[in-house]
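The values are calculated or read from the model by the stated rules, or taken from the named source; none is laboratory data. Treat the numbers as computed from the prediction; the structure is a model and nothing was measured. Methodologically, a virtual Cβ is constructed for each residue, glycine included, from the backbone with ideal geometry; neighbour enumeration extends over all protein chains shown. To get the accessible areas, we keep the full protein, side chains included, count just its heavy atoms, and leave off ligands, DNA and RNA. Shrake-Rupley method; radii C 1.70, N 1.55, O 1.52, S 1.80 Å.
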Amino acid sequence: MTRHERRGYVSSPYGQLHYRDNGDPNNRDAILLLHQTAWSSIQFQGVQQYLEEASIRSVAVDNPGYGMSDGPADCPTIEDYAIAIAPIVDHLGLEQVVIAGHHTGSSIAAALAPHLPAQLAGIAMHAPSLYTDEERSALLGMPHFDQTPQEDGSHWLKRWEFARSATAGKAKLTSTHLSVSMFFD
């Protein structure tokens, strides 16, 4: 946790949406950080520390169904995620926001922008998913990661190995730990 981190919840169409708010709460300008699937706002813990040191307020969101946010009953669309996240801006009284998304967060950022016409100062997208219809269909047809708890705890090790390999071992151990421990409900 950084020195001035505040955590909170805002109501969304999917229940409570968790966020981490860093920096001066009187600053009405902020960067809104949207994580990749299947991480959480913890992905931005280190970044938020640097932003705070540069006097930039940042708000990292746990997308619905991730981190400490409530999850939807059905599989939401990117637009559904955007609609769920939009209330955070008014809840925190933000006047100008730059929306920054990573991977899936980039898609959500693009969908969120039209919902914040008065507050939007910009969008930053890191590695957005740009697929043809054929590529998207092939990816959606692939089997999903098995999250079924196993008596011997092997599901934890599989998720740990996946998380470490996905980041090529570059993520901090504490970040991987928090990501894996938040992944299973």
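Summary of computed values
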| item | result |
| --- | --- |
| HN-Hα J in Hz across the stretch 103-117 - Karplus 6.51, -1.76, 1.60, θ = phi - 60°, x for Gly and Pro | 6, 4, x, 5, 5, 5, 4, 5, 6, 6, 3, x, 7, 10, x |
| For residue 99, distant residues with modelled amide H under 5 Å away | 32, 121, 122, 123, 124 |
| Among 109, 163, 54, residue whose mean-square fluctuation peaks in a GNM of the chain (springs only between Cα atoms under 10 Å) | 54 |
| Derived scalar couplings ³J(HN,Hα) [the stretch 8-15; Karplus, 6.51 cos²θ - 1.76 cosθ + 1.60; whole Hz; x for Gly, Pro] | x, 9, 9, 6, 9, x, 10, x |
| Among 166, 30, 124, residue whose mean-square fluctuation peaks in a GNM of the chain (springs only between Cα atoms under 10 Å) | 166 |
| Net charge over other residues, Cβ less than 15 angstrom from the Cβ of residue 10 (K, R count +1; D, E count -1) | -1 |
| Alpha carbon centroid spacing (whole Å) that separates the stretch 33-84 from the stretch 123-163 | 17 |
| Å² of accessible area per residue within the chain, as computed with a 1.4 Å probe and no ligands counted | 55 |
| Estimated distance in nm for a label pair at residue 113 and residue 129, the labels positioned 7 Å out from Cα along Cα-to-Cβ | 1.9 |
| Residues in the stretch 14-55 reached by a label modelled at residue 142 [backbone nitrogen below 19 Å; 7 Å Cα→Cβ] | 36-40 |
| Under 5 Å, built H, 5+ apart or other chain: amide partners of residue 129 | 107 |
| Cα shape, the stretch 126-185, gyration tensor, a/c 1.5 rule | oblate |
| The stretch 119-176: GluC sites (Glu not before Pro) in DSSP coil with no more than 12 other Cβ atoms inside 10 Å | 151 |
| Sulfur and carbon atoms: percent of accessible area, the chain [1.4 Å] | 55 |
| For residue 7, residues with placed amide H under 5 Å, excluding near neighbours | 21 |
| Local net charge near residue 19, Cβ-Cβ under 10 Å (Lys/Arg +1, Asp/Glu -1) | +1 |
| Choice from 130, 92, 17 showing the highest fluctuation, given a GNM over the chain with Cα pairs closer than 10 Å | 130 |
| In Hz, Karplus ³J(HN,Hα) per residue of the stretch 121-138 (6.51, -1.76, 1.60; θ = phi - 60°; x = Gly, Pro) | 9, x, 9, 10, 10, 10, 6, x, 7, 10, 10, 6, 4, 5, 5, 4, 4, 5 |
| Residue 27 versus residue 172: modelled label distance in nm, points set 7 Å from Cα along the beta carbon direction | 1.9 |
| Helix-only CD estimate at 222 nm, as mean residue ellipticity for the chain, using -39500 (n - 2.57) per DSSP H run (n ≥ 4) | -9500 deg cm²/dmol |
